[in-house]
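Values quoted throughout were computed directly from the atomic coordinates according to the rules given, and no laboratory measurement underlies them. Because the structure is a prediction, the values reported are computed rather than measured. Don't worry about glycine lacking a Cβ; one is built from the backbone with ideal geometry, like all the others, and counts go over all protein chains shown.
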Amino acid sequence: MSVDKDIVKRVARLARIAVSDEEAEALKGELNTILGFVEQLNEVDVTGVEPMTSVVAVEMKKRTDVVTERDQAAKIVANAPVREEHFFVVPKVVE
Amino acid sequence: MSDLTTLTIAEIRDGLAAGRFSALELTQAYLAAMEAARELNAYVVETPDKALGMAAESDARIARGEARSLEGVPLGIKDLFCTEGVHAQAASRILDGFKPVYESTVTGNLWADGAVMLGKLNMDEFAMGSSNETSCYGPVVNPWRSAGSNAPMVPGGSSGGSATAVAARLCAGATGTDTGGSIRQPAAFTGTVGIKPTYGRCSRWGIIAFASSLDQAGPLSRTVRDAAIMLKSMASVDPKDTTSVDQPVPDYEASVGQSVKGLRIGVPREYRIDGMPPEIEALWERGKAWLADAGAEMVDISLPHTKYALPAYYIVAPAEASSNLARYDGVRYGLRVPGDDIVSMYENTRAAGFGKEVKRRVMIGTYVLSAGYYDAYYLRAQKVRALIKRDFETVFADGVDAILTPATPSAAFGVAEKAVASPIEMYLNDIFTVTVNMAGLPGIAVPAGLDDKGLPLALQLIGRPFDEEMLFRTGQVIEDAAGYFVPERWW
Amino acid sequence: MNQAAAKPRTSKLIKGATGDWEIVVGMEVHAQVTSHAKLFSGAPTGFGGAPNDHVSLVDAAMPGMLPVINGECVAQAVRTGLGLDAEINLRSVFDRKNYFYPDLPQGYQISQYKQPIVGEGTVTVDLADGETVTVGIERLHLEQDAGKSIHDQHATMSFVDLNRSGVALMEIVSKPDIRSADQAKAFLTKLRSILRYLGTCDGDMEKGNLRADVNVSVRRPGEPLGTRCEIKNVNSIRFVGQAIDFEARRQVGLIEDGGTVEQETRLFDPGRGETRSMRSKEEAHDYRYFPDPDLLPLEFDQAYVDQLAAGLPELPDARKERFVGAFGLSPYDADVLVAEKENAEYFEAVAEGRDPKIAANWVINELAGRLNREGREIADSPVSTEQLGAIIDLIGEGTISGKIAKDLFEIVWAEGGDPRVVVDERGMKQVTDTGAIEALVDEIIAANPDKARQVREKPAMLGWFVGQVMKASQGKANPQAVNALLKEKLGV
C-alpha cells in the first residue's frame, strides 16, 4: 500500500493540518517510507491472536457519582486565546 | 566545601540531615550552574523564585525535624508535565503560553515529598523524537563530546533536556517520560541512569499525552540508588488515572545492593542485530560477565517477535497520538492562527503549531486509523503487540528474573547529523527499548562504559511487571562494576 | 408476535399515485442518563448553569487530563438494558470517535462502537386501535454528550459552552421494525415511559434529555428495504410523527416521479412541518474509531447484573397486567394509568383500600381531565391523593351524592381543605332523614297530580319525579331513599 499526493492531502484534511503542495510532496515520500517499514508486520502469523486492548489486566476503576468539580468557569477559560466572558469564542460555525 | 552540585540525592539527604549545608545553598548552587550552562539549552524555563521559596521551606522543615523523603532536593521537570501556574508546552508552539491551572500527580508527589523545582526541561516536541532536535526551543546539547572534537552531540530524546541536566549537574535528578525509549535512550547517551517503570506504576494524570497505552513517567538520575529514591516518590496509585494500577509502592531503595546470587538473567538472542557495532557487542559481554561474577546465572532466551516491535510501535503510537493531539485546535488554550472559517482556523493553527515530526506522526496515525485501513494496520499491530507481550510472559514464566540487553544500538551522534536521513534511521535508535513499552514492562538503562570516542554507552535490564526492585538490584551490580561517568565540563 | 414486520396491515400503507407503499422506520434515541456527575468526570449534569460552570478539566480536554468512568452511569445503562429485556454484555469496550468540532473539546467522542454494553432487546408497544407491535432493540451503548455552540450572540463568531460536554448519554438503537408514524410515536412514548419508570432518564424532551434520530425509508410491500434518510435530533413525540409522515410522502413522491432517494441527513423544521436536507458535509465522515487507550474494557460479572435486576422497579407492562388482573380495570384504563409513572402511583395511592374501578374513574376522568385543561402535571395536582380518596370515601359512605362529589372536587381543587370539613361546613351532606324526604315527596306528588296518574302507565316517568325531589332538596337528598319513597307512594 502506498500513498499518493491526493491521499496525503485527504489525510491532512482529516487531521486538520494545512499542507502546501510542496509539503504534501515531501510528506508523501516520508509516509511511504514509514508505511514500507511497517509492511514487515505482514510476515507475522496473527491467526487467532486477540489484539491487545489494555496493557494492564485489572478491573477498570470507577468514580462514584459525586460532583467534585464545579463553578470554575474562570479557570476553564483562563488559557483561551479568545473568550467572551466565560464563553470560548470561535469563527462562526454554520450548521 | 566542594561543589554541592556533585552530590547524589542520597548524599544530599545525608548532608542536609547533618546540617553540612542548607537547602537554600544547594538550590543556589544549582541556579548558578543552570545560568552558566544555558548554551546546553537544557532548561526552557527556569523558576528560581519558586525554587528558592521551596528550598527555604525545606530548611524550615529540616530545622523542625520534619524532613520528608526528598526534602530540599532540587529537580528539573520535563516540559511534558503540567505544573500549576508554570509553563507547560511540551516543547511545542501549539501550546504557546499555556499555563496549566493544575499540577500533575507525579510532580505533585515530588513536591509533597519536599523536592524543589528548578524549572522546566527541554524535550522533543510532544515527546516525539530520539535526539531532542524536534523541540520548538531548538536542540539540547549533550555535555559529552567525542574525544578531540568540539562538535555538539545530541543527548538523545525525547527526555534530552532531562538527561543533559542530570549529566551536566544542572539538577540532582529529573523527571522524564518514556513512550518508546525516551528515558532510557537519553540516559544511555549521557551516562545517566533512567528507569521506565511498569505501565500503570506512575500516574499519567497531568502529563501531556503522546501515546496513552505506552507513556510512562520515570526518573533520570546519576545513580541507581537515586533513581530508586525518586521513583518511590513519583509512583502512586491514582484514582484519577484509570490505567494506574492499585498496588502499593514498595521501598525501592531497600532493594539497592541486595545480592543477585542465584538470579537467572535472560540474554535474548534476537537483540543481536545485524550490523551491531562491535563495541556494543563487547559492552553486552562485559555486562553478562559482571552479573555472572556477582553470582547470577546467564540464560540464553528467545523473544521471537522482537523485530516486529518497532514497526508495530510506529503504527500504535502515531495512531494514539493523532487522536490525543486532536485537542490542540486553537479553541481552549495555546496557539490560534485565524482562518476564514472554523476549518481553516483549525488547519492554520495546527499547521503553524506542530513541527515536522509531530505532523508526520499525526498524519501516519490518521492514515492507519482511517476507513479501510484499520484492520490492516492498527488491529494487526495490536495483535503483534499481544505476541510481543506473550514472548516476555513465556520467558518470565520459565523462571527468568530479568533480561539483559544493550540500551541503544550506538552512542550519541552529532546534532543535525541525521537531519537528512530517512525517519526510519532515527526511529531505529529505539530498537532495544521499544519492546519494553509495547509489553508494558519496566526497563532501566544503566551506564556501563565509554565507546572508543569517549562517549557513554549503557546496558538495559528488563523486569517482570511491577518488579522494579529487581531492576534496581541488578542495575546496582552494573553500576558497581562499571563505575560513574561524568562529562568533563567545557560549557 | 411481530405482526408489523411480518405482515403489514394494509391500513399502514400509504397510497401513492402508482400504488401502495410501506414505510420502514428505525430510531436512534439519545437518552441522557440520570446521574449527578458526568460520564467520565466529576462535573455536575444539571440543566442550565452559567456558561462553562459545569465543566471539569477533563470535560474541557485540558492537556494531560484523563477520563475515569462514573460507576452509576454504568449501572443505569445495565438497568435500562434489563428494562428493555435485552442482553447485557459482561464485557464492553469504549472507543474514540474522532472528528473536529468546537463543542467537542477532545477532538473525539468517547463512545462504544463494536462492543456495546447492551445487546438485543425488545419493546412491546400497544397502539390505540388495539394493535400490539413488538419493536426490536438492536443495541444500547454509553457515550459522551457534546457541548453547545451558540450562534446568535455575534455576527461572525460562535460562542462555545461546554456545560453539557461529557454528560452521559445512552444511545438506544431500534431495529427497523416500525411501519407508521403512529407506531413510531407509540414506540417512543413507551420507551420514554420505561426509562422514567427505571429512573435512568427523566425523559424531558424539552430540555433535550431525550431526542431521536429517525431513519425513514419506503418500499413496495414485500420488496427489499429502500434507501433511508436520517432525520436528526427530533425533540418531541409529535414532531416524530410529523417528520415521518412528511418524509415518507416526500420519498414516495420522489420515486414516483422517477427520481431516487439519496441517503442523507435531514432536519425536521417544526414551523413548516417538513424535513430538509442538512447542508451536505463537504467530505464523507471518517471517524477513525479505535479503543480508547485511556480506559480499560468495561467488565462485570453476572452477580452485578442480578443485583441490579433485583432492585428494578415494576415496569409499565407488569403494572398494566396487575391493574387488569388484580384491580379488574379494563386494558384501556390500565394503559392510560400506567403510561406515566406518576399517574400510576397516584392512582395506586387513591385505590388503596377503596374500589379500584371507582378510583380509576376519578383519576382518569375527573382529575386527569381537569389537569389536562389546565396543562398541569399530576405531580403538581392541587388535589392530593388523600383528598381525592376522602371524596371517594364520602360517596361510598353515602354522605354525599356523586353529583355533589363533583362540586366538592371543584372546591377542593380551587380552595384546598379537608373534604370532610368542607362538606360539614358547607352543608353538602345528603339528606338521609326519611321524614324530611317524605315531606318533599308528598309535596311534589301533590303539586303534580296529572303526572302522578300518568306514571302508573309510564314507569319511566319516575325519573322526572326523582329529579324534581332532588332539585327541591338542592341535591342533598339521598337518591336511593327518594327513589324508594316515590315508588311506594306512586304505586309503581
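Some points to look at:
- Label-point separation, residue B:269 to residue C:302 (7 Å along Cα→Cβ), nm: 4.7
- Remark: the stretch C:297-305, residue by residue, has Karplus-estimated 3J(HN,Hα) of x, 8, 10, 8, 9, 4, 4, 5, 5 Hz, where x stands for each Gly or Pro and the curve is 6.51 cos²θ - 1.76 cosθ + 1.60 at θ = phi - 60°.
- Out-of-range pairs (alpha-carbon distance over 23 Å; input A:28/B:356; B:50/B:120; C:406/C:451; A:9/C:232; B:240/C:207): C:406/C:451; A:9/C:232; B:240/C:207
- The HN-Hα couplings worked out from phi for the stretch C:43-57 by the Karplus form 6.51 cos²θ - 1.76 cosθ + 1.60 (θ = phi - 60°) are 7, x, 9, x, 5, x, x, 5, x, 6, 8, 9, 10, 9, 4 Hz, whole numbers, x standing for Gly and Pro.
- Compared with the alpha-carbon gap, the fully stretched path from residue B:237 to residue B:419 is longer by 61.5 nm at 0.36 nm per residue.
- For chain C, the calculated P(r), taken from all Cα-Cα distances in 20 Å bins from zero up to the bin holding the longest distance, is 19, 41, 25, 12, 2 percent.
- Sorted by Cβ neighbour density within 10 Å, fewest at the top, the residues B:62, C:117: B:62, C:117
- Set of the stretch B:461-491 residues, backbone N closer than 16 Å to the point 7 Å along the Cα-Cβ line of residue B:32: none
- Distance between the stretch B:170-220 and the stretch C:209-265 - C-alpha centres, whole angstrom: 55
- Expressed per residue, the C-alpha convex hull volume of the protein assembly as shown stands at 222 Å³.
- The ranking of C:35, B:58, B:158 by Cβ neighbour count inside 10 Å, starting from the fewest, reads C:35, B:58, B:158.
- About the Cα centre, charge dipole magnitude for chain B (Lys/Arg +1, Asp/Glu -1 at Cβ), debye: 560
- Put a dot 7 Å past the Cα of residue C:152, heading toward its Cβ, do the same for residue B:112, and the two dots end up 4.8 nm apart.
- Cβ-placed point charges (K, R +1; D, E -1), dipole of the protein assembly as shown about Cα centre in debye, nearest 20: 1100
- Contour excess over end-to-end distance, with Cα ends at residue C:454 and residue C:99 and 0.36 nm allotted per residue: 119.0 nm
- Between residue B:254 and residue C:442, the modelled labels are 11.0 nm apart [label points 7 Å from Cα along Cα→Cβ].
- In range of the label at residue A:82: residues from the stretch B:325-341 whose backbone nitrogen is under 12 Å from the point 7 Å along Cα→Cβ: B:330-332, B:336-341
- A cut-off of 5 Å between modelled amide H atoms, ignoring neighbours fewer than 5 places along the same chain, links residue B:43 with B:122.
- The stretch B:30-96 and the stretch B:312-383 have Cα centres separated by 32 Å.
- Exposure proxy order (Cβ contacts within 10 Å, fewest to most) of C:201, B:171: C:201, B:171
- Lysines whose Cα lies under 17 Å from that of residue C:12, excluding same-chain neighbours fewer than 8 positions away: C:185
- Lysines with Cα under 29 Å of residue B:288, excluding same-chain neighbours fewer than 8 positions away: B:196, B:232, B:261, B:307, B:389, B:453
- Among beta bridges identified by DSSP and lying wholly in chain B, the antiparallel ones come to about 65 percent.
- Residues with amide H under 5 Å from that of residue C:69, placed H, sequence gap 5 or more: A:63
- Alpha-carbon centroid distance for the pair the stretch C:107-121 / the stretch C:173-195, whole angstrom: 21
- Cβ neighbours within 10 Å from other chains - mean over C:292-301: 6
- Using the Cβ-Cβ distance between residue B:356 and residue A:25 with R0 = 22 Å, the FRET efficiency computed as 1/(1 + (r/R0)^6) comes to roughly 0.95.
- For residue B:146, residues with placed amide H under 5 Å, excluding near neighbours: none
- Protection proxy ranking, highest mean first, for peptides B:468-480, C:224-236: B:468-480, C:224-236, where packing is the per-residue count of other beta-carbon atoms within 10 Å, averaged.
- Cross-link pairs beyond the 31 Å C-alpha cut-off, checked among C:38/C:114; C:114/C:341; A:61/C:114: C:114/C:341
- Rounded to the nearest whole Hz, the Karplus-based 3J(HN,Hα) values (6.51 cos²θ - 1.76 cosθ + 1.60, θ = phi - 60°) of the stretch B:107-115 follow the sequence 5, x, 4, 5, 5, 5, 8, x, 5, with x at glycine and proline.
- Across peptide B:420-427, the average count of Cβ atoms from other chains found within 10 Å of a residue's Cβ is 3.
- Folded to 0 to 90 degrees: helix A:21-38 orientation relative to chain A principal axis, Cα: 70
- Mean residue ellipticity (222 nm) of the protein assembly as shown, computed from DSSP H runs ≥ 4 via -39,500 (n - 2.57), nearest 500: -11000 deg cm²/dmol
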